[in-house]
Amino acid sequence: MTDYAALQDQLDGPLRARGEDDYTAGATAFNLTIQHSPDVVVRATNENDVVETVRFARAAGVPVHLHTTGHGAHASYDTGILLDLGALSSVTVDPQARTATIGGGTRWAPVVTAAAEHGLAPVTGSSTNVGVVGFLLGGGLSPLARSHGFASDRLVSARVVTGAGEVVDASDAGDAELLWALRGGKTGLGVVTEITVSLVPMPGLYAGTLFFDLAESTDPYTRWLEWTKTAPADVTTSGMIIRFPDLDFIPDPMRGRHLLALHVAYPGTADEGEQLTKPLRELGTVYLDDLGPLALADVARITNDPTEPGPGFVRGTTLTHVDADLAEAVLALVGPGAELPIMGLEVRHLGGAMRDEKDDTTAAGYRDFDYTLSMLGAPDPTLFPEVLPGVFAQLEDALAPWRSEHLTPNWMSDPRDPGQAARTWPQATRERLTAVRQAHDPDGVFAPR
């Protein structure tokens with residue numbers, strides 16, 4: 001049994017052992033079906049707290065599990081130290097250099113707000129409630145994916161506490177190999193306490209959602225998929241078929257309806273955006289129109305992802321192409337009259353800048369797919385262990401003619417699964433990532449145990 005008292009003496013932040021008051025505060029997964037119960041929770045208040053925690057764990061032979069917002073949790077932790085980085089939240093924007101330097105526990109929302117004051121924007125995810133570091137280390141698919149590519153391509157530098165408890169400068173001028181790994185290598189690379197990203201100038205943002213009522217017609221879905229084949233390179237769209245329950249807390253226009261939510265983002269002026277997206281409004285009868293000029297600070301409104309924790313089951317895959325037959329197969333699974341326990345099914349159109357090869361500067365993995373597909377299962381935890389995995393397997397089988405064998409890092413349901421890793425990175429990249437992990441964490445402090 002490890003005695004953690006000596007660790008508390010070295011920390012400025014609190015340490016809470018299992019059973020103590022405030023033990024779970026700040027260490028709750030966003031998916032509430034995942035419950036962590038490590039030996040202790042350390043809430044780091046500065047970089048030195050991280051250094052001391054890692055050095056203690058290495059000497060004691062216990063694992064360190066990282067936690068910021070809880071969005072990336074795939075399994076419960078019941079041993080070792082859960083290191084909560086949420087207090088390491090800070091943002092400094094350099095408008096001349098067009099960069100933002102960000103604390104390792106920061107969510108995207110304050111970064112978006114600070115950058116928007118200078119007419120700049122980070123390449124963020126659909127939710128600004130997620131942590132910056134976790135999103136970037138997993139590649140990062142953005143609502144601006146076609147115009148601006150993987151978010152991780154814009155990672156400039158980072159301060160990293162390695163498994164040896166040393167602080168390393170991951171940058172072109174410092175440890176360039178670690179910087180390469182952080183750009184999409186996902187896990188086991190150390191604790192990022194500070195990160196710098198490049199920002200993009202954005203004269204405007206024309207974005208939002210068009211809703212089509214599938215009870216009236218499913219044609220808009222088929223027509224949208226066809227439109228993506230010739231879509232402008234800087235217009236990014238995704239189409240989610242979503243069944244809203246007939247419950248009081250659902251807004252009246254959505255309550256009990258089966259809708260296609262077509263999310264749209266174009267980084268440009270309102271006049272340009274309106275012209276480029278005109279064909280989307282002509283896909284069919286628009287039920288609700290929430291597409292128009294959007295303030296840069298309001299980018300999260302494009303998809304309106306949940307901001308509060310709850311039970312969730314999400315699985316994803318990638319697609320090589322789309323056509324009318326795919327639309328028919330999808331609608332058979334989740335269209336009007338379908339009975340599978342699926343709340344939503346989303347296809348994202350990628351390509352564009354996502355296809356740009358980055359030579360040898362990034363570990364983000366494969367870039368050879370132009371679409372992703374994600375399934376949001378019914379939020380009933382009793383279905384999570386067996387029923388919904390079976391439904392997703394059924395979906396993958398039904399969509400086999402269109403399915404790619406590759407994944408993107410943030411879409412792995414379990415980063416520890418060698419099979420999923422093989423689908424995410426080419427062999428040469430996996431071997432190189434393994435070498436980086438072994439060099440910076442030789443004792444496996446961050447490896448699952």
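Dividing the Cα radius of gyration of the stretch 266-372 by 2.2 N^0.38 Å, with N the residue count, gives 1.33. Placing unit charges on the Cβ atoms only, positive for Lys and Arg and negative for Asp and Glu, gives the chain a dipole magnitude near 420 debye about its Cα centre.
Taking only the alpha carbons of the stretch 88-209, we obtain Rg and Dmax values of 13.8, 47 Å in that order.
So how do 401-413, 133-145 stack up, highest first, on mean other-Cβ count within 10 Å?
Taking the mean over residues of other Cβ atoms within 10 Å, the ranking is 133-145, 401-413.
Cβ-to-Cβ counts within 10 Å put HIS349, HIS321, HIS36 in ascending order as HIS321, HIS36, HIS349, the fewest first. The residue list ALA17, VAL168, LEU259 was ranked by how far each Cα lies along the charge dipole of the chain toward its positive end, using unit charges on Cβ atoms, and VAL168 comes out on top. Sort out for me the Cα centre separation of the stretch 244-296 from the stretch 108-136, rounded to whole Å. First find each Cα centre; the distance between them is then 22 Å. Here the extension length gained between ASP323 and GLN10 equals 106.7 nm, from 0.36 nm per residue of separation less the Cα-Cα distance.
Share of pairwise Cα-Cα distances greater than 19 Å in the stretch 301-449 is 61 percent (whole percent). Against the empirical curve 2.2 N^0.38 Å, the C-alpha radius of gyration of the chain lands at a ratio of 0.98. The relative contact order of the chain comes to 17 percent, based on Cα pairs under 8 Å that sit 6 or more residues apart. Computed over the stretch 9-67, the alpha-carbon pair-distance distribution with 5 angstrom bins reads 4, 18, 27, 26, 18, 6, 1, each value a whole percent. Angle, helix 387-398 long axis vs. longest principal axis of the chain, Cα atoms, 0 to 90°, nearest 10? The angle comes out near 60 degrees.
Suppose every K and R has +1 on its Cβ and every D and E has -1 on its Cβ; what is the size of the dipole of the stretch 5-84 about the Cα centre, in Debye to the nearest 20?
Values: 5 positive and 11 negative charges, 52 e Å.
Rounded to the nearest 20 debye, it is 240 debye.
Structure remark: mean-square fluctuation, Gaussian network model of the chain, C-alpha springs under 10 Å; the largest value among GLN96, GLN427, GLN438 belongs to GLN96.
Computed over the stretch 307-358, the range of Cα coordinates on each principal axis works out to 41, 35, 14 Å, biggest value leading.
Quick note: the coordinates plus some simple rules give every number you see, no bench work behind them. The model shown is predicted, which means the values in this text are computed figures rather than measured ones. Because the Cβ atoms are built from the backbone with ideal geometry, glycine has one as well, and the counts that use them run over all protein chains shown.
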